[in-house]
Protein chains: 2
Amino acid sequence: MSHINIRSLAKELQLSIGTVSKALKDSHEISAATKLRVLELAQKLQYNPNPYASSLRRKKSNTIAVVLPEVADSFFSVAIKGIEEVAQENGFHVLIYLTFERYLKEKKILEAFRNGRVDGILMSVSSETMDTAHIEALWENNIPVVFFDRVISELPSAKITTNDEDISFEATSHLVARGCQEIVYLSISKHLAINNRRIAGFQKALQAHELPCSAGQVIDCSNDETDNDRLIRQLLLQAGRPDGIIAGVEKLVMPVYAISKELHIDIPAHLKIVGFSNSPLAPILNPSLTTVTQPAYEMCKRAAAVLFRAMLKKGFVPEHETVILSSTLLPRDSTGCLS
Amino acid sequence: MSHINIRSLAKELQLSIGTVSKALKDSHEISAATKLRVLELAQKLQYNPNPYASSLRRKKSNTIAVVLPEVADSFFSVAIKGIEEVAQENGFHVLIYLTFERYLKEKKILEAFRNGRVDGILMSVSSETMDTAHIEALWENNIPVVFFDRVISELPSAKITTNDEDISFEATSHLVARGCQEIVYLSISKHLAINNRRIAGFQKALQAHELPCSAGQVIDCSNDETDNDRLIRQLLLQAGRPDGIIAGVEKLVMPVYAISKELHIDIPAHLKIVGFSNSPLAPILNPSLTTVTQPAYEMCKRAAAVLFRAMLKKGFVPEHETVILSSTLLPRDSTGCLS
């Protein structure tokens, strides 16, 4: 029974293959009675159309890809949930591809999409991505791409982001208001537009508050945990160490807390910290973490909605639309604001 | 240039389609000189074989699926990393499918696999899954499935788990040793074998320590946050409330901490808690969390290795192999063990 195909259905029903195929597609050329006979037998014999053959015929996969740098960050795990919901409403499958922050992996993943494996792509770029040819190549194949969170500013594509510069300005000003004088920003990648917008907000706030602003106040962290530990340890051991830190990405919070504890630097008395994070654990950290929290769920619903609109359009042109949603600063104990 | 196929390559090279096809597959029937001509033109014209057509011919997709209940749990986000590494070494793609703990979604995902979309499956079942017909149907289609973490005990398939009963016995005994007399277990689903093994270990430990052991000491939580909050609040407000809690899944730790704080129940003085968790944030929670930590990375590497062995076998029979790895109890402040 595992080799039921249109041919065997046709033989059993004494119909032509074309008639069975059209009946299965609910064609108006076929009578209701015939459709019923075909569907009843197909159901009885548990006929499953071959997805590859079917994709070839329709040139549609009914699948969207979500390309993400990782899933260990709360932002991305919330994002997946939002995307899945919109896809489900539209009857689409979601496939998740992880780049693990590697440009070469991202390039390879996108190359495999060129021949119709997916109908559209939602994407947050890796922290290594500088070249964009692999993304532009998708447009040549009429595959729409919508960026969210980590976008490539230069590309004429739809982008759903948050107010990164403004919220970073606000977070920095919050640290100043809490008494910090020596503030540093822990950066994850100088190639990411999102990171650079956050740095711009940080630097503008320092200038606005007439605090010194030097290149040394932006610490280039990476995706290597050992390197990050070393950089943060060095930072907290130096003479004139910072009294305020902005962690530009969730995973940099953990080493700041751990190393401060080890070095007996009290948070928030001697060091205050704000983290960009969607972690549900932020309120129960020791001390509870002041966060900049992005509307991850809302962002992804918007991104998915724009993608579905782009996929339905005839005559492909990449959508060039920018949506900017607002993040929220949530003051907690790590900046001396008892919650 | 977007319609380069074998036919157009053959025409340009004045060769037969069969010759070009064989040359692209590095067939011994074709001379080295011809192969070179074909490959050079294919590269020049950026010829990409259509993945669906190619899959149909080979009946292989070079893709494995990872079916998970969610990614917001640290165990699963670490697991993905381990699987991806093994797949990459074997030249395979990894597709991630999320069931969001829904049996019907899991069933739908597995049904779509029956016709060769993937070559093998690594899976942790949803908390709702009781019926197994959707999994057995894959075997009829010769698609191997290897379970990890959340397995279905009754199925004759490969299973990679941890020593859940023993480690739960150890965690409960740890709470007893720290002075707890009224211990409850927060359960995520009574349908999951993993959960039932953990409950068995919990109950055996209570009996071994001659503590009362009633059905009421296992609290059935769910995937609904509001319901869980209500159950935990009720538990902590009742007369004779527990002085020890085992959270059988990571996401139940957060509401226990939050509600205890709200009700001024001091952890660990008045309530001690152990959580099954792989979260890197466990050491910096307030108080730091005593955890049972599974060897997530190692488990997934093993599971992937067993799957690749099963996929390479001729004459398909599901692998029936059980691997049990050891979890680790890491005592921290939430059970009064200052780290």
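Residues in the stretch B:213-233 that are among the acidic types (Asp, Glu) and touching a helix residue (DSSP H, G or I) at 6+ places or on another chain (Cβ under 7 Å): B:Asp229 only. Mind listing whichever residues of the stretch A:82-122 are in a loop (DSSP other than H, G, I, E, B) and within 9 Å of chain B (Cβ to nearest Cβ)? Residues satisfying the conditions are A:Phe100, A:Arg114, A:Asn115, A:Gly116, A:Arg117. Just to verify a result, which residue in the stretch A:3-32, among those that are open to solvent by less than 70 Å² (accessible area, probe 1.4 Å) and among the small types (Gly, Ala, Ser), is farthest from B:Asn142 (Cα to Cα)? Here the residue is A:Ser31. Among the conditions (1) more than 7 Å from chain B (Cβ to nearest Cβ); (2) charged (D, E, K, R); (3) more than 16 Å from the chain's Cα centre (by Cα), the only one that A:Glu128 does not satisfy is (3).
Output yes when any residue across the stretch A:110-128 is within 19 Å of A:Ser61 (Cβ to Cβ) and without any contact (Cβ under 8 Å) to a residue 12 or more places away in the chain, and no when none is. Looking through the stretch A:110-128, at least one residue is within 19 Å of A:Ser61 (Cβ to Cβ) and without any contact (Cβ under 8 Å) to a residue 12 or more places away in the chain. Selection of the stretch A:257-271 for residues being crowded, with 19+ Cβ neighbours inside 10 Å, away from every other protein chain (no Cβ under 12 Å) and among the aliphatic types (A, V, I, L, M) yields only A:Leu271. When the stretch A:33-46 is filtered for residues that are open to solvent by less than 100 Å² (accessible area, probe 1.4 Å) and under 28 Å from B:Asn142 (Cβ atoms), the ones remaining, listed by number, are A:Val38, A:Leu39, A:Leu41, A:Ala42, A:Leu45. Do the conditions hold for A:Leu186, that is, is it under 18 Å from A:Ile245 (Cβ atoms) and touching a Cys at 6+ places or on another chain (Cβ under 8 Å)? In short, yes.
The test for being more than 11 Å from the chain's Cα centre (by Cα) and touching a residue at least 12 places away in the same chain (Cβ under 8 Å) does not hold for A:Ser74. Return the total of residues in the stretch B:123-137 being in contact with a helix residue (DSSP H, G or I) (Cβ under 9 Å, 6 or more places away or on another chain), part of a loop (DSSP other than H, G, I, E, B) and not charged (D, E, K, R). Looking only at that region, the number is 6. Close Cβ contacts (under 8 Å, 6 or more residues apart or on different chains) running from residues in the stretch A:17-34 that are within 10 Å of A:Ile6 (Cβ to Cβ) to residues that are at pLDDT below 80 comprise A:Leu24/A:Pro49. For the stretch B:223-256, residues that are in contact with a strand residue (DSSP E or B) (Cβ under 7 Å, 6 or more places away or on another chain) and within 12 Å of chain A (Cβ to nearest Cβ) total 4. The set of residues in the stretch B:30-81 that are at pLDDT 80 or above and either part of a loop (DSSP other than H, G, I, E, B) or aromatic (Phe, Trp, Tyr) (or both) comprises B:Ile30, B:Ser31, B:Leu45, B:Asn62, B:Pro69, B:Glu70, B:Val71, B:Ala72, B:Asp73, B:Phe75, B:Phe76.
Pairing residues of the stretch B:171-187 that are modelled with pLDDT of 95 or more and open to solvent by 10 Å² or more (accessible area, probe 1.4 Å) with residues that are assigned to a helix (DSSP H, G or I) and charged (D, E, K, R), at Cβ distances under 7 Å and at least 6 apart in sequence or on separate chains, gives no pairs at all. If you filter the stretch A:95-113 down to residues that are among the aromatic types (Phe, Trp, Tyr) and more than 19 Å from A:Glu225 (Cα to Cα), you find that the one that is farthest from the chain's Cα centre (by Cα) is A:Phe113.
Name, by its number, the condition in (1) open to solvent by 20 Å² or more (accessible area, probe 1.4 Å); (2) polar (S, T, N, Q); (3) closer than 23 Å to A:Thr293 by Cα that does not hold for A:Gln207. The number of the failed condition is (3).
Cβ separations smaller than 7 Å between residues 6+ apart or across chains give the following pairs from the stretch B:79-92 residues that are open to solvent by 20 Å² or more (accessible area, probe 1.4 Å) to residues that are among the aromatic types (Phe, Trp, Tyr): B:Lys81/B:Tyr297; B:Asn90/B:Phe308.
If the condition is being open to solvent by 30 Å² or more (accessible area, probe 1.4 Å) and either of a type in the set (Phe, Trp, Tyr) or more than 14 Å from chain B (Cβ to nearest Cβ) (or both), then the stretch A:273-304 contributes A:Thr293, A:Pro295, A:Tyr297, A:Glu298, A:Lys301, A:Arg302.
All conditions in (1) out of contact with any Pro (no Cβ under 9 Å at 6 or more places or on another chain); (2) buried (at least 23 other Cβ atoms within 10 Å of the Cβ) hold for A:Pro144, with the sole exception of (1).
If you go through the stretch A:310-328 one residue at a time, do you hit one that is at pLDDT 95 or above, more than 18 Å from the chain's Cα centre (by Cα), within 30 Å of B:Ser288 (Cβ to Cβ) and assigned to a loop (DSSP other than H, G, I, E, B)? No, the stretch A:310-328 contains no residue that is at pLDDT 95 or above, more than 18 Å from the chain's Cα centre (by Cα), within 30 Å of B:Ser288 (Cβ to Cβ) and assigned to a loop (DSSP other than H, G, I, E, B). Only residues that are at pLDDT 95 or above and on the phi > 0 side of the Ramachandran plot were counted across the stretch B:226-277, and they come to 1.
The condition (being at pLDDT below 95 and surrounded by fewer than 17 Cβ atoms within 10 Å (Cβ to Cβ)) is satisfied by just one residue among B:Leu307, B:Leu338: B:Leu338. Being of a type outside the set (Gly, Ala, Ser), open to solvent by less than 10 Å² (accessible area, probe 1.4 Å) and touching a strand residue (DSSP E or B) at 6+ places or on another chain (Cβ under 6 Å) is true of A:Ile121.
The values are calculated or read from the model by the stated rules, or taken from the named source; none is laboratory data. Quick caveat, the model's predicted, so the values are computed rather than measured. Note: ideal-geometry Cβ built from the backbone for every residue, glycine included; neighbour counts use all protein chains shown. These area figures cover heavy atoms from the full protein model, side chains too; ligands, DNA and RNA do not enter into them. Shrake-Rupley method; radii C 1.70, N 1.55, O 1.52, S 1.80 Å.
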